[in-house]
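S.K.: Just dropping this structure here.
The values are calculated or read from the model by the stated rules, or taken from the named source; none is laboratory data. Not measured: the values here are computed from a predicted model. Here Cβ is always computed from backbone atoms with ideal geometry, including for glycine, and neighbour counts include all displayed protein chains.
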Amino acid sequence: MRDTKGPPSAIRVLALCALIPAAVACSTALRVDSGFPRPVVASLPIDAGVYYDDTLREYVFERQADAKSLAWKIEIGPAHVRLFDQLFHSLFENLVHLDGLAAGNTGKSVGVVIKPSIDEYALHAPSGTSSAFYEVEIRYRLAFHSPGGEFIKHWSYTGRGRSRSTLFGSDEPVQKATVAAMRDAAAWLVIELTKHTDFHTLLQAQQNENENGKDNHDS
Amino acid sequence: MLTLAHSACTTSRIDVARHATTDLSGDSGVVLLARKQEGGQNTEEEFMECLNSSLAKMQLVVRIYPEQAFLDALFPWFESRTAPTSLEELPALLQRPGVSEKITEIGVRYIVWVDGSSERVDGGGGMSCAVGPGGGGCFGFVWWDTASVYETNIWDLKNARSIGAVSADASGMSYVPALLVPVPLIARTQNAACKGVAEQLKGFFAEDAAL
């Protein structure tokens, strides 16, 4: 049976904790500060509005310490706003930032309103997966609304990322795994949106035909 | 071509396959990309850094393009979810709007895909250390085997074909005997694999790279 290089992760956690004075809890605070590139895509001929609510803007993952893991506080909201901005600016011919779901109230002309959100952020440490990697899964929900704010449909999708653990310090691999998961999710979104050049027409048709607007599209 | 190299603690084997010649005329670039699965790469970053720095020191005719800069320039088409896994997928990728233009703009002609990792396969022994008022020390003997297995595949983006492949398989036993002071004797299998692969990749991208 093969073992990965380096000491087991549980030992690393204990070693790290041993280096910290007993009065201080063993925890890691992290802010994902990565920038994101503009995707190489042809813009869809749509004027889109995007609404980032405070839940997304201020999203923080928090977990208490247990026998196998440190306590974590990971701030990922601002990084997601930067990521979605990069994506939507390239994917749509025109992008308007909105303060709410109803674009009609602002006098701004858009064909569709998009509201991205994070359903769940999951972090798996090497000690929990018996691997040499930190693994991150982020579940997203992308809701499409009419310019008047009526819900049309939503997509659910997941981004996955992982990064090899290092002997000292877990913040860097967790940062890398998180950014990898965000880029993975962005790749899915770009593929799905660029599959349909008549995306706007499809949304309008769906809105007209399905008053309940409950047709979902999951990754 | 088969090369066998022995050192005190490491044995490495390098295999090379050539399918076509590289076109070294003009200003061509090459990028080394770690294969990614499920959002991450198995290949250690140290191995990629070693390979890049080793090639940078060689007199190559091609420019080495940084991996992250390439991934960002072509985002999101070389992420783990989207990167072509076979040459058959390459034409469809190159036909996506803006992809070929971007590759031409940054001047990358060749991709070297890198996959593999180094793993500890066996080990044993024991060591105990103690510290007292009069000093401290360790006593014991620890050993472990490491296997480094890496594979690279060279693609020509312009002609959508494979140029060749280089693989490395290095193994070695590390020891740490301790009589008061531990003395680590580490088998650097990853480094041996890196140097072996870099030396063979040079054969594809240096002046005398003709078949």
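S.K.: Looking only at residues in the range A:159-201 that are over 14 Å from A:Thr28 (Cβ atoms) and small (Gly, Ala, Ser), which one is surrounded by the most Cβ atoms within 10 Å (Cβ to Cβ)?
M.R.: Step by step, filter the range A:159-201, then rank; the result is A:Ala185.
S.K.: Out of curiosity, is B:Val166 within 30 Å of B:Ser128 (Cα to Cα) and among the hydrophobic types (A, V, I, L, M, F, W, C)?
M.R.: no
S.K.: Considering only the range B:36-46, I want to know if a residue exists there that is within 12 Å of chain A (Cβ to nearest Cβ), β-branched (Val, Ile, Thr), in contact with a strand residue (DSSP E or B) (Cβ under 9 Å, 6 or more places away or on another chain) and surrounded by fewer than 17 Cβ atoms within 10 Å (Cβ to Cβ).
M.R.: So far as the range B:36-46 goes, no, none of its residues is within 12 Å of chain A (Cβ to nearest Cβ), β-branched (Val, Ile, Thr), in contact with a strand residue (DSSP E or B) (Cβ under 9 Å, 6 or more places away or on another chain) and surrounded by fewer than 17 Cβ atoms within 10 Å (Cβ to Cβ).
S.K.: Continuing with the same structure: Residues B:Glu88, B:Glu46: which one is without any contact (Cβ under 8 Å) to a residue 40 or more places away in the chain and either within 30 Å of B:Asp145 (Cβ to Cβ) or not in a strand (DSSP E or B) (or both)?
M.R.: B:Glu88
S.K.: A further question follows. State yes or no: is A:Lys176 out of contact with any helix residue (DSSP H, G or I) (no Cβ under 6 Å at 6 or more places or on another chain) and farther than 30 Å from A:Lys68 by Cα?
M.R.: no
S.K.: If you don't mind, there's one more thing I want to ask. Search the range A:57-85 for residues that are modelled with pLDDT of 95 or more and among the basic types (Lys, Arg) and pair each with any residue that is in a loop (DSSP other than H, G, I, E, B) and surrounded by fewer than 18 Cβ atoms within 10 Å (Cβ to Cβ) when their beta-carbon atoms are under 9 Å apart and the residues are at least 6 apart or on different chains.
M.R.: A:Arg82/A:Ser34; A:Arg82/A:Gly35
S.K.: With the range A:43-93 as the region, which strands (runs of 3 or more DSSP E) entirely inside it contain at least 2 residues that are surrounded by fewer than 16 Cβ atoms within 10 Å (Cβ to Cβ)?
M.R.: The qualifying strands (runs of 3 or more DSSP E) are A:60-63, A:71-75.
S.K.: For the range B:138-168, which residues satisfy the criterion of being within 14 Å of chain A (Cβ to nearest Cβ) and of a type in the set (S, T, N, Q)?
M.R.: Across the range B:138-168, the qualifying residues are B:Thr146, B:Ser148.
S.K.: Next question. Could you check how many residues of the range B:103-137 are in a strand (DSSP E or B), more than 30 Å from B:Thr10 (Cα to Cα) and within 14 Å of chain A (Cβ to nearest Cβ)?
M.R.: 1
S.K.: Another question, then. If I ask for residues that are touching a strand residue (DSSP E or B) at 6+ places or on another chain (Cβ under 9 Å) and either facing chain B (nearest Cβ under 7 Å) or among the aliphatic types (A, V, I, L, M) (or both), which ones from the range A:33-47 would you list?
M.R.: Correct list: A:Leu44, A:Ile46.
S.K.: Kindly check whether there is at least one residue in the range A:119-131 that is among the charged types (D, E, K, R), surrounded by fewer than 20 Cβ atoms within 10 Å (Cβ to Cβ) and in contact with a His (Cβ under 9 Å, 6 or more places away or on another chain).
M.R.: No, that holds for no residue.
S.K.: Something else about it: If you take the residues of the range A:113-160 that are away from chain B (no Cβ under 12 Å) and of a type in the set (S, T, N, Q), which of them is nearest to A:Phe88 (Cα to Cα)?
M.R.: My answer is A:Ser117.
Here is a yes/no grid of residues against (1) surrounded by 20 or more Cβ atoms within 10 Å (Cβ to Cβ); (2) more than 14 Å from every other protein chain (Cβ to nearest Cβ); (3) within 14 Å of B:Val114 (Cα to Cα):
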| position | (1), (2), (3) |
| --- | --- |
| B:Ala20 | no, yes, no |
| B:Ser54 | no, yes, no |
| B:Lys57 | no, yes, no |
| B:Ala73 | yes, no, no |
| B:Ser86 | no, yes, yes |
